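Structure, as structure tokens:
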Ligand SMILES: Cc1cc2nc3c(=O)[nH]c(=O)nc-3n(C[C@H](O)[C@H](O)[C@H](O)COP(=O)(O)OP(=O)(O)OC[C@H]3O[C@@H](n4cnc5c(N)ncnc54)[C@H](O)[C@@H]3O)c2cc1C
């Protein structure tokens, strides 16, 4: 069933449930005041469903979403549990994404979340993308990052910076089944991304750009057919010489060494080589020399996506370990009954909630068109720390079982380590946060 069909069905179910709830409230004598006092309801501890609140502040709390966001979360949760979960261990062991997963993500409409319907997408908001990434990461952070890079980096670059012709040329295919990669990092340029050596020059007849060089660490590259590539056109201009291009594999892109990694092993990470790759001039994204701006701006959004991946990962590890702690008995009772365990779980639950608030807040700020760079950096920094702590604790709570590969708990911990590295290391986030703080303080 497609996302859209499922969405329609869920809407119908929700409306029915809401009708029944209102009838109960009006007919019942115990809680009629709930109907008349919306401001109080927003902060009440009532057990009513979130949709029943008339929140005067809009959909801002962690428990208030638009109907579309709610339906999306439900649909992705179902997809992750039924389609992804059975393949997680095998994909991790084989270090390979099952093609069925990629096909399923496209079929479910999860690979063009913010793309306009005219170009084959769902036309949803940024928080919808965040919700999808989070829900997938609860089950498999590798699947989550595949979806994240395709949506928040590849599609978004075209959506925001490409002209109409370029969007129409590639975005329908990127909505339908063509997977994308984002090629910025190189062997010699990671944190210092704009020190790139990949070069670009115009052909003598002016009809093509010619790209030469190697990109490293490129997510999705083993399966991708489409690449956003950053290249230096005039080193004397420094970062202002960098431009971005839409490149397809058939232009001569070579996928080289695939990395063998600690975590997110099903997600492909390869070196990508460009040897005299001829790209039509119309495939320049935006203007010549503006590639650095595209990269900076897009990575701000991307970081919220990685924050969402880390929140989902933390929640996935937490949920598994807590379920185990209620089942496992020692000293004649479930280990979850020991206060020493309960306090640790409460601490991690609190940290996950704080990280989720930060990620959603950054996403909402972005949707509102307000500055969000600092909040995005803080959200990614903190969420990756929480993910590592949550997954580490989850292993300990499950004792020896947590340490085995069969349980899938240790995988969350291995997967969590990448959160402090890609799309800007934790030190780079701290650097960004401090720069913005200093600016705010007038220094
Ligand atoms: C699994 C994986 C997937 C990736 N996917 C992609 C992708 O799809 N596309 C892409 O373009 N890139 C991708 N990357 C690359 C990733 O963004 C870089 O690895 C990251 O930016 C860090 O660069 P580096 O590895 O060269 O580390 P370095 O930059 O060498 O950093 C090493 C250490 O030095 C610290 N450091 C560096 N500079 C400073 C400073 N100024 N102040 C303080 N500390 C500093 C860092 O914080 C880090 O701890 C991926 C990487 C991995 C591992």
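What follows is calculated from the coordinates using simple rules that are stated; it is not laboratory data. Owing to the predicted nature of the structure, the values given are computational and were not obtained by experimental measurement. Every residue, glycine among them, receives a Cβ derived from its backbone with ideal geometry; neighbour counts consider all protein chains shown.
Placing a pseudo-label 7 Å from each Cα along the Cα-to-Cβ vector at residue 319 and residue 176 gives an inter-label distance of 3.4 nm. Pull out a ≥ b ≥ c, the square roots of the eigenvalues of the alpha-carbon gyration tensor of the stretch 189-242, then state rounded if a/c is under 1.5, prolate if not and a/b is larger than b/c, and oblate in the remaining case. Oblate.
In percent, rounded to a whole number, the relative contact order of the stretch 78-149 is 27, using alpha-carbon pairs under 8 Å and six or more apart. Give the relative contact order (percent, whole number) for the chain; include only Cα pairs under 8 Å separated by 6+ residues. Answer for the chain is 14 percent. Compared with the dominant Cα axis of the chain, that is its longest principal axis, helix 373-397 is turned about 60°. Largest first and in whole Å, the equivalent-ellipsoid semi-axes of the stretch 92-249 read 28, 19, 14, each the square root of five times a Cα gyration tensor eigenvalue.
Based on alpha carbons, the Rg and Dmax found for the stretch 67-178 are 13.8, 42 Å. The eigenvalues of the Cα gyration tensor, multiplied by 5 and square-rooted, give the chain an equivalent ellipsoid with semi-axes of 39, 26, 22 Å from largest to smallest.
When 397, 217 are arranged by Cβ crowding within 10 Å, least crowded first, meaning fewest neighbours, the order is 217, 397.
Result for the chain in a Gaussian network model with C-alpha springs under 10 Å: among 151, 220, 163, the largest mean-square fluctuation is at 163.
Using helices alone, I'd like the mean residue ellipticity at 222 nm for the chain: each DSSP H run of four-plus residues gives -39500 (n - 2.57), total over residue count, nearest 500.
Working: 16 runs with 222 residues, N = 443.
My calculation for the chain gives -16000 deg cm²/dmol from helical runs alone.
Comparing 248, 82, 373 in a Gaussian network model of the chain (Cα springs below 10 Å), the most mobile by mean-square fluctuation is 82. Take the Cα of residue 61, step 7 Å toward its Cβ, do the same at residue 343, and the gap between the two points is 2.9 nm.
What share of the DSSP beta bridges in the chain is antiparallel, in percent to the nearest 5? Bridges in the chain that DSSP calls antiparallel: roughly 85 percent.
I need the shape label for the stretch 120-211. Rule: rounded when a/c is under 1.5, else prolate if a/b > b/c, else oblate, with a, b, c from the alpha carbon gyration tensor. Because a/c hits 1.5 or more and a/b fails to exceed b/c, the stretch 120-211 counts as oblate.
For the chain, modelled as a GNM with alpha-carbon contacts under 10 angstrom, which of 278, 337, 417 fluctuates the most? Between 278, 337, 417, it is 337 that shows the largest mean-square fluctuation.
Going by neighbour counts of Cβ atoms within 10 Å, the residues 205, 234 line up, fewest first, as 205, 234.
Each of 208, 431, 150 was scored by other Cβ atoms within 10 Å of its Cβ. Listed from fewest to most, they are 431, 208, 150.
Expressed as a rounded percentage, what relative contact order does the stretch 292-441 have, with Cα pairs under 8 Å and six or more residues apart?
RCO, the stretch 292-441: 32 percent.
Helix 426-440 and the longest principal axis of the C-alpha atoms of the chain enclose an angle of approximately 90°.
Using 0.36 nm per residue, how much length does the chain from residue 417 to residue 107 gain when fully extended, once their Cα-Cα distance is taken away?
Stretched out fully, the residue 417 to residue 107 stretch lengthens by 108.6 nm.
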